[in-house]
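This report concerns only the one structure given below.
Derivation of every value follows stated rules applied to the coordinates shown; laboratory data play no part. Here the structure is a predicted model, which is why all the values come from computation and not from measurement. Glycine gets a Cβ as well: all are built from the backbone with ideal geometry, and neighbour counts include every protein chain shown.
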Amino acid sequence: MKIRCEVNGVARELELDPLRRLLDVLREDLGLSGTKEGCGEGECGACSVLLDGAVVNSCLVPACQLDGARITTIEGAGFERVQQSFLDEGGAQCGICTPGMIVATRAWLDECARRGRAVDDAGARRALAGNLCRCTGYGAIVRAALGASRRSP
Ligand code: FES
Ligand code: FES
């Protein structure tokens, strides 16, 4: 089926199998390999991207849901302050979970700003609860998420 969508601000017209996973479209068709595959079953958050501003697991999103969608991956604009904070706080080791953590952190900070919510430790832990890390430890990751909020966007 023909899918028209926007990926990182670029309009795309794609001919896709309706059940092809968004994760595979990004990595294999569009060469956006920053989005990682962990479990492939919606459990780990490594494949997180923004779909119309909301965090989704791209391994669970079929192409048939993408027509008219706005997709933002870790290669897109607007992640710089979060990326820098993860670097400064040592919030990454092997890096498999890191793009998903950064995407989820940005979505959380955007949501806090939009709704006037406090940026706090409990909120960061809730926002990142769907993202699993086997190496870094969540202390540094939560510090990185909180640290990003203190940087200018
Ligand atoms: S690879 Fe998609 S949630 Fe784990
Ligand atoms: S840095 Fe390795 S899984 Fe998180």
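Residues checked against (1) part of a loop (DSSP other than H, G, I, E, B); (2) closer than 24 Å to I141 by Cβ; (3) within 16 Å of ligand 2 (Cβ to nearest atom):
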{"site": "C5", "(1), (2), (3)": "no, no, no"}
{"site": "L23", "(1), (2), (3)": "no, yes, no"}
{"site": "R27", "(1), (2), (3)": "no, yes, no"}
{"site": "T35", "(1), (2), (3)": "yes, yes, yes"}
{"site": "G38", "(1), (2), (3)": "yes, yes, yes"}
{"site": "G42", "(1), (2), (3)": "yes, yes, no"}
{"site": "V49", "(1), (2), (3)": "no, yes, no"}
{"site": "V55", "(1), (2), (3)": "no, yes, no"}
(request) Identify, from the list R115, R143, R106, the residue that is more than 12 Å from ligand 2 (Cβ to nearest atom) and in contact with an Asp or Glu (Cβ under 6 Å, 6 or more places away or on another chain). (result) R143
(request) May I ask you to say which residue of G116, G91, G100 is surrounded by 22 or more Cβ atoms within 10 Å (Cβ to Cβ) and away from ligand 1 (no atom under 16 Å from the Cβ)? (result) G91
(request) Pairs only if they're at least six apart or on different chains, beta carbon under 7 angstrom, first in the range 19-43 and more than 8 Å from C59 (Cα to Cα), second more than 16 Å from ligand 2 (Cβ to nearest atom) and among the charged types (D, E, K, R); list them, first residue then second. (result) L32/E75; S33/R27; G34/E75; T35/R27
(request) For the range 7-21, enumerate the residues that are buried (at least 17 other Cβ atoms within 10 Å of the Cβ) and either touching a helix residue (DSSP H, G or I) at 6+ places or on another chain (Cβ under 6 Å) or part of a helix (DSSP H, G or I) (or both). (result) L16, R20, R21
(request) Mind counting the residues in the range 120-142 that are within 16 Å of ligand 1 (Cβ to nearest atom) and surrounded by 15 or more Cβ atoms within 10 Å (Cβ to Cβ)? (result) 6
(message) So, G95, is that one within 10 Å of ligand 2 (Cβ to nearest atom), assigned to a loop (DSSP other than H, G, I, E, B) and on the phi > 0 side of the Ramachandran plot or not?
(response) yes
